[in-house]
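Read-outs throughout are calculated quantities, based only on the coordinates presented, and are distinct from any laboratory measurement. Note that the structure is a prediction, hence the values are computed from the model and not measured. With ideal geometry, Cβ positions are generated from the backbone for all residues, glycine too; neighbour counts draw on all protein chains shown.
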Amino acid sequence: MRPYGKAEIDPSNPRALAICDRCGSMWNHYRLRWQYDWRGTKLLNTRFLVCPDCYDEYQQNGQRTIILPADPVPIMNARMENYVAADSPLSAIGANPTPSLQFYSAQIGTMTKAAGIPAAFDGNANKPSFLSAMIVTPNSSFGNYVGINWAEYPGGTFPAGLDTPVLTHTLGNWKITAPNDSVFGSTGYVVQGSLIDTTWSAWTTLASGNTAGTVGETISGSVTTGGRFQFHRVAFWGGGGPIAVAQVQFSVTDGSSTGVPA
């Protein structure tokens with residue numbers, strides 16, 4: 001008698017034999033089952049006739065289409081929060097801790113030593129110089145800076161054929177703080193704004209002044225003119241020793257404006 005695999009042979013009550021479509025074993029035909037699986041929103045017979053060992057229970061999270069419920073019905077006479085006032089200052093909101101992502105991240109600058117650029121926007125103004133943003137060998141003129149790129153796209157590869165989103169703000173108030181164990185290390189500063197400009201050369205000065213040269217010094221001010229900019233920065237005059245800043249705080253006076261670069 002030939003081998004009959006996992007089939008049962010009963011000479012007095014013969015049953016048809018069949019081969020499992022999945023494993024190729026021989027079984028009694030009546031023990032094979034149709035394999036079902038999700039296709040879209042309903043179960044579909046895949047036309048595989050399989051044995052009990054090969055039968056797969058269909059997965060609820062497999063190829064089943066997820067049907068999302070309807071959005072909630074909006075309320076009548078809604079009262080929106082003033083998010084511009086609530087979120088201001090915006091300096092540390094959405095800040096990306098990777099300084100190399102300059103074009104589409106929230107932070108820009110050249111003061112990458114010590115704790116680096118993110119330290120100037122971490123919300124903590126009371127900290128020593130080694131936990132602050134620093135540049136050890138200053139650049140000439142005002143080439144020593146930390147700032148914010150308000151662009152809303154956080155990084156990565158932007159879809160081909162689409163312009164990069166641009167987010168601009170009008171600066172209202174600003175505040176800079178030196179480390180609690182040192183001076184800024186610079187005699188002068190400027191607060192500047194710029195439209196999108198990959199050469200970093202089109203900076204408009206919104207405020208300027210001299211530092212007092214005291215440990216933990218705090219300097220603040222307001223901006224009355226200047227308009228909207230995608231980039232804002234505080235730049236320090238170079239030429240001496242290391243320059244460090246513990247915290248930079250920008251407060252905006254407007255709702256955001258979105259557009260595309262020219």
Exercise. Using a cut-off of under 17 Å, list every residue of the range 1-31 whose amide N is near the label point 7 Å from the Cα of Thr46 along the Cα-to-beta-carbon line.
Key: 20-25
Quiz item: Quick one: if you stick a label point 7 Å off each Cα along the C-beta vector at Asp37 and Asp181, how many nm between them?
Solution: 6.2
Self-check item: Under-5 Å amide H pairs with Gly116, H placed in peptide plane, nonlocal only
Solution: Met134
Exercise. Quickly work out the Glu81-to-Tyr30 label distance, labels modelled 7 Å from Cα along the C-beta direction, and quote it in nm with one decimal.
Key: 6.8
Exercise. Convert 37 °C to kelvin, take the viscosity as 0.692 mPa s, use the Kirkwood radius over C-alpha pairs of the range 171-254 as Rh, and evaluate the Stokes-Einstein diffusion coefficient in µm²/s, rounded to a whole number.
Key: 246
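Can you sort Lys42, Lys113, Lys6 from fewest to most other Cβ atoms within 10 Å of each residue's own Cβ? Intermediate results must be reported in sequence, preceding the final value.
On the way: Lys42 9, Lys113 18, Lys6 14.
With the fewest neighbours first, Lys42, Lys113, Lys6 line up as Lys42, Lys6, Lys113.
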Quiz item: Using just the C-alpha positions of the range 1-67 as equal point scatterers, what log10 of I(q)/I(0) does the Debye formula give at each q in 0.13, 0.15, 0.27 1/Å?
Solution: -0.46, -0.56, -1.11
Quiz prompt | Cα-projected label distance for Ile19 with Asp56, points at 7 Å along beta-carbon direction, nm | solution = 2.2
Practice problem: Would you work out the relative contact order for the range 1-67, in percent, from Cα pairs under 8 angstrom that are 6 or more residues apart? | Solution: 27
Practice problem: Compute the length gained on full extension between Thr225 and Asp10: take 0.36 nm times their separation in residues and subtract their Cα-Cα distance, giving the result in nm to one decimal. | Solution: 67.6 nm
Quiz item: Once amide H atoms are placed 1.01 Å from N in the peptide plane, what residues at a sequence separation of 5 or more from Ile108, or on another chain, have their amide H within under 5 Å of its amide H?
Solution: Gly147, Ile148, Asn149
Exercise. Could you run the Karplus curve 6.51 cos²θ - 1.76 cosθ + 1.60 with θ = phi - 60° over the range 233-239 and give me ³J(HN,Hα) per residue in whole Hz, x for Gly and Pro?
Key: 8, 10, 10, 10, 6, x, x
Practice problem: Straight distance only, please: which lysines reach the Cα of Lys175 with their own Cα at less than 25 Å, same-chain residues fewer than 8 apart left out? | Solution: Lys113, Lys127
